[in-house]
Structures are given as C-alpha cells and as structure tokens.
C-alpha cells in the first residue's frame, strides 16, 4: 500500500541536487540509498519508512508507503514540490492524466495525512483480525512487524482512536532510530524449496555459539525461520523453528519486545541459556520446514492425523470463563492440551476440542498442533507423567451462545468413536477424520454469517470451500 506521484520529465536530476534543495529548505535528511533506481531518505529522528524517489521510464516517481510517520508524509509533499520546481515539469498522482498535482502542499495537507493514517490502520486491522497473521513492512533502517499482540498492546481495536494510533506510530519511529546502528541476527542464508522455486525459499535469522561464546548481536530480526547452532558441538544438530514460535524459547528477563515478533537483547545471553533455548526449540521444529498444515474446515491432507481432545469444565484446569476469554484472544493467547496418544502425534496434526459433561456439549474449538509432544506438570495435580502439545486454533466458539456440532450429531454421524468422554487426545481413524472434516466444513459454511468474534471466532484466511 503506497501513494506515488510522477513528475513527468526528461531532466533526471542527480539525487544530490534535490537532497541539497531539501536541506537548504531546513529539512534534516538521512539518506539510506543514494543511487537510482531508488533513492531512499527520511527526516532525522522522525521517519518510520521515509520516502523513495525512483527513476521510472517517463520521469521521477516519489513514493510514500503506508504506516509512514507524519514527517514522512510531509517530506513526501516537500519532495514533490522540490522536483516540480527544479525540473519545471508537471506532477501526476499515480501517473494519471486526470490527476495533475499543481500544489502538493494543498493536496497532501494535514487532513489528507490524518485520512491516510486512519486508512492505514483500518486496512491493516482488518487483515490482522481476519487472519491472525503478522504483517512485515520495511522501515528506513529495519523491518517492523505488525500483528494482533502489538495492536492489542496499543489498544488498536475495531474503532479507530487517533491517540492510540499515534502512540503506536511513535513507538515504531523510536524503534527505527534505536535500530539504526544495531546489529541483528539476519543472515543471507535461505533454505531452498523442494520445488526449486526461489520465491518459496525460507529466510533465516540465527544465533550461534562458537569458541565458547554466543555470537554478538543486539536484536533478533524477523525471518521465516529462527535457528540456533552450536559450532563447538558437532554432534548437536542445529535447530530451526518457525519465527513465530521464537517467543516460546526466549529466556526470561533477557529480551524485550520491539514489535509483534522481534526482540531487543537487554542483558547478557549466556551459552547455558542458548543451550536451554535449543532444548526447548526442538519440540517446535517441524519435520518438514516447508510444510503448511491444512486447518480443519479447509480440507485434510494425507500426512495429517486428527486428534480428539476432551474438555470437561467441571474438572479441567481450563474453566468455562477461560475458554470464553480465548474466543476474543484466539490470536494472542497461548494454548496447549494434554494428548493421550502422544506417541502417534506430531507437529502439524489437527485437533478438535469437544466439551463433555454438563450442559450443552459438542465441538468448541479446532485447529492444528504447532509442537511435538512434550512432558510438563500434570494439570490435575496428581503427579502423573503427562504429555502436552501446543495448539493454533482456527475456530473457537461459546457452547452456550453460538451454533455448534453437538455430541448427539457426532454420535449419529460418526458412531465408531466415544464422543461422551474418555481420554483426551485420542487419534481418530482416517476414515472418520474425513467424515468429521466434511461435517466441520459444512458447519462453518452454513454458519459463516454468525461469526462475530465474540461468541464465535474463526480465522477467516482459511477457505472453507476447498474440500
């Protein structure tokens, strides 16, 4: 998402000409790319994304992108004006003959800037709320990541509030200038796709141990994968996990969040800490790094198994109130559950959570596992050896106030499984899993208009018609 204005000219000015003009007009400019095809710069201590001047076929194009600072937008107008004066040529919004810009300061005034900010937040909020995914944007010095946790922290809700938006923009601006001279964990390594498609390669952010020391870095920067390698121990295999899982393995008190996904190193990270990170990360490493699991309601691939989790609010460590909170917090909460047949389960498998016991019973959650099984404290307090798996829900609903596939329906359509109780985390046969998938996809399709995010929340980036 961006706005661009083309100055149609044959006089392709050297960057130093208009940069000097801007400085002479009082602009404090920091330049990060000084050569065509794209010159990039912004105002000192005020820019988030800065602006670009691009050498295009019919002249010079000035571009500003969404989630820019007010100073970025003002510099955008100032630069258009400078190029018009220096070349003596005309400017056109989006290079449209019907959209000539005669006065950039009037066209891109404070009211226009406010409308851009509101539009930026509205579009981004809708994308995030409907998918639960993060959005990565390039800043003047570093990437920044927007997502449900960051928006929640700054009070970015369904209704646009200018004060909250300005607080987040200020934070993103501070982050850019904090990271200006910091060293990150980005690498040039790419895990190539089995198909050979360069666009499907996975980028890597890496922490390493070598010669008894942790490599020097200031913050962990976003990539497709986060990796840890111990160069001193040739027998220890490197560990690679989806970057979105990084937060689960960070040692307490060492890092602080920069944004949705990236973390600033605040204190010393010791070798022992990194070894513990490696240990914790191994349960989060998928067998196939390129594999993208299919969520319930969107089909069922042959590599996935389906597990039925049982939930009785009367005896569970998860209360009904906890569950209701998870409807709104589906994208920001942490979910895990005990799995009885853990030896048959793996990262990427699917689950359905079935409410049993008193009251209305049936399926109240679905999703995929985003970890392998691991041992943790017994939720019941009985001291048993219990295996858990982390969960990524794609549907969460209120059993009392939302439509539901009931226990009675499950018993009727899939009678070979005990839907009324028993161990939590039993594997469903593939034949029954196909039946359940068809039932779930049809249920979500029929009730799509009732999805309100309050009693019935669905990760809407999943297509329910891909059977």
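The values are calculated or read from the model by the stated rules, or taken from the named source; none is laboratory data. None of the values given here were measured: they were computed from a predicted structure. In this analysis, Cβ positions are derived from the backbone assuming ideal geometry, glycine residues included, and neighbour counts consider all displayed protein chains.
Here is a yes/no grid of residues against (1) outside the structural domain of residue 149 (by TED's automatic domain parsing); (2) buried (at least 19 other Cβ atoms within 10 Å of the Cβ); (3) in contact with a strand residue (DSSP E or B) (Cβ under 6 Å, 6 or more places away or on another chain); (4) under 30 Å from residue 157 (Cα atoms):
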position: 328; (1), (2), (3), (4): yes, no, no, yes
position: 337; (1), (2), (3), (4): yes, yes, yes, yes
position: 349; (1), (2), (3), (4): yes, yes, yes, no
position: 359; (1), (2), (3), (4): yes, no, no, no
position: 377; (1), (2), (3), (4): yes, no, no, no
Residue under evaluation residue 321, criteria (1) within 28 Å of the chain's Cα centre (by Cα); (2) touching a residue at least 60 places away in the same chain (Cβ under 8 Å), criterion not met = (2)
Regarding residue 195, is this residue without any contact (Cβ under 8 Å) to a residue 24 or more places away in the chain and in contact with a strand residue (DSSP E or B) (Cβ under 9 Å, 6 or more places away or on another chain)?
-> no
For residues in region 96-127 being in contact (Cβ under 8 Å) with a residue 40 or more places away in the chain and buried (at least 17 other Cβ atoms within 10 Å of the Cβ), which is nearest to the chain's Cα centre (by Cα)?
-> 124
Exactly one of 211, 215, 164 is surrounded by fewer than 18 Cβ atoms within 10 Å (Cβ to Cβ) and in contact with a strand residue (DSSP E or B) (Cβ under 6 Å, 6 or more places away or on another chain), and that residue is 215
Filter result for residue 82 (closer than 17 Å to residue 141 by Cα, assigned by TED's automatic domain parsing to the domain that holds residue 98 and buried (at least 18 other Cβ atoms within 10 Å of the Cβ)) = no
Some residue of region 445-455 being modelled with pLDDT of 95 or more, crowded, with 20+ Cβ neighbours inside 10 Å and either part of a strand (DSSP E or B) or at negative phi (or both) | no
Does residue 94 satisfy being modelled with pLDDT under 95 and either outside the structural domain of residue 15 (by TED's automatic domain parsing) or out of contact with any strand residue (DSSP E or B) (no Cβ under 8 Å at 6 or more places or on another chain) (or both)?
-> no
For the subset of region 198-209 comprising residues that are farther than 11 Å from residue 223 by Cβ and touching a residue at least 60 places away in the same chain (Cβ under 8 Å), which member is nearest to the chain's Cα centre (by Cα)?
-> 200
Can you tell me which of 231, 278 is without any contact (Cβ under 8 Å) to a residue 40 or more places away in the chain and in contact with a strand residue (DSSP E or B) (Cβ under 6 Å, 6 or more places away or on another chain)?
-> 231
Could you tell me whether residue 124 is at pLDDT below 95 and touching a strand residue (DSSP E or B) at 6+ places or on another chain (Cβ under 9 Å)?
-> yes
